[in-house]
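Contents: one structure, followed by commentary.
The values are calculated or read from the model by the stated rules, or taken from the named source; none is laboratory data. It should be emphasised that the depicted structure is a prediction, and the values quoted were computed from it without experimental measurement. Here Cβ is always computed from backbone atoms with ideal geometry, including for glycine, and neighbour counts include all displayed protein chains. These accessible areas exclude ligands, DNA and RNA; they are computed on the full protein's heavy atoms, side chains included. Shrake-Rupley method; radii C 1.70, N 1.55, O 1.52, S 1.80 Å.
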Amino acid sequence: DYELRLGIENQGKMYEAMIQTLELMQELFEPDAERLRLLVHLHLQQKNIKAALATLKIAQSKDMSESTDLRLMAQLYYNNGAYQRSAEVIQTGIRQGILKSEPELQQQLLQSYLASRNWTAARDVLLQLPDSELKDQQLLVVRKRMEDWSGIIEQLKPPYLHDANSWFELGYAQWRLGNLKQAQDSWRRSIALDPDHMAVNWLTLDFVPIQ
């Protein structure tokens, strides 16, 4: 009996063994929300952030996520430098109705976009926040950054797009303005010219490692 086995391992504080048992149960039985949360807790206890995030993503894919799960997922991504991923988790949770678009969450979303330098998305969040002196200051900074990147895009128009690096730089500027689809199209052009270009990693935004 796997539940009995888990209980014995828990009493003996055999946490690595508990992880192995829970992972085996995931393979043998239908996914269970409580088992997944226990597995996340154990991975965090062992400081295995990557495994904890992978387990949270399984819960999300099975529509088992609660607001606390998504908040934890977003915070783990943010703490490990994956700021855009953190924002995407929050936005998805709001769209699905799991997370409420309250001021505290909007501030967390704003910080993720500012940290990832996604200036267009940051501006859109700021415009939804209540008026304040800080908001006005942040809007000035964000709009200035947007102007800077827009200027770079203008400079990178044909005939200057003649090599893989130029297409990569254009994609980077487009990404900074929140135009991910355009950025990915530019990175594909970069890869077509140089299959070994680092744009390969940027296509899926997997360039921030989770330790």
Subject >> Mean Cβ neighbour count within 10 Å, used as a protection proxy, ranking 93-99, 150-156, 23-29 highest first >> reply: 93-99, 150-156, 23-29
Subject >> Over the chain - Rg/Rh using Cα atoms and the Kirkwood inverse-distance radius >> reply: 1.08
Subject >> On Cα atoms only, tilt of 103-116 relative to the major axis of the chain in degrees >> reply: 60 degrees
**OP:** Heads up, I need the accessible area for TYR2: 1.4 angstrom probe, whole protein in place, Å², nearest 10.
**Re:** 70 Å²
**OP:** Kindly report, to the nearest 10 Å², the accessible surface of GLU66 as traced by a 1.4 Å probe over protein heavy atoms only.
**Re:** 90 Å²
**OP:** Could you tell me whether the stretch 61-163 comes out rounded, prolate or oblate from its Cα gyration tensor? Rule is a ≥ b ≥ c as square roots of the eigenvalues, rounded for a/c under 1.5, then prolate if a/b exceeds b/c, otherwise oblate.
**Re:** oblate
**OP:** Quick one: angle between helix 180-193 and the longest Cα principal axis of the chain, in degrees between 0 and 90, rounded to 10, please.
**Re:** 80 degrees
**OP:** Excluding residues on the same chain fewer than 8 positions from LYS13, give the lysines whose Cα lies under 28 Å from its Cα.
**Re:** LYS47, LYS50, LYS57
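For every helix of n ≥ 4 consecutive DSSP H residues, a contribution of -39,500 (n - 2.57) applies; sum these over the chain, divide by its total residues, and give [θ] at 222 nm rounded to the nearest 500 deg cm²/dmol.
On the way: 12 runs with 154 residues, N = 211.
When only DSSP H runs of four or more count, the value is -23000 deg cm²/dmol.
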Subject >> 5 angstrom amide H check on LEU129, placed H, neighbours 5+ away >> reply: none
Subject >> Alpha carbon centroid spacing (whole Å) that separates the stretch 59-109 from the stretch 177-205 >> reply: 26 Å
**OP:** Starting from the residue with the highest accessible area, list TYR77, TYR172 in decreasing order, probe 1.4 Å.
**Re:** TYR172, TYR77
**OP:** Please name which of THR68, ILE49, LEU39 has its Cα lying farthest along the dipole of the stretch 38-87 towards the positive end, using unit charges on Cβ (Lys, Arg +1; Asp, Glu -1) and the Cα centre as origin.
**Re:** ILE49
Original post:
Looking at the square roots a ≥ b ≥ c of the eigenvalues of the Cα gyration tensor of the stretch 2-111, which shape do they give, rounded for a/c under 1.5, prolate if a/b is larger than b/c, or oblate?
Top reply: prolate
Original post:
If you line up the long axis of helix 164-176 against the longest principal axis of the chain, both from Cα atoms, how many degrees apart are they, to the nearest 10?
Top reply: 70 degrees
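Could you please state how large a percent of the accessible area of the chain is carbon and sulfur, counting protein chains only and using a 1.4 Å probe? Mind dumping the intermediate values first?
Numbers: 6290 of 12240 Å².
C and S fraction of accessible area: 51 percent.
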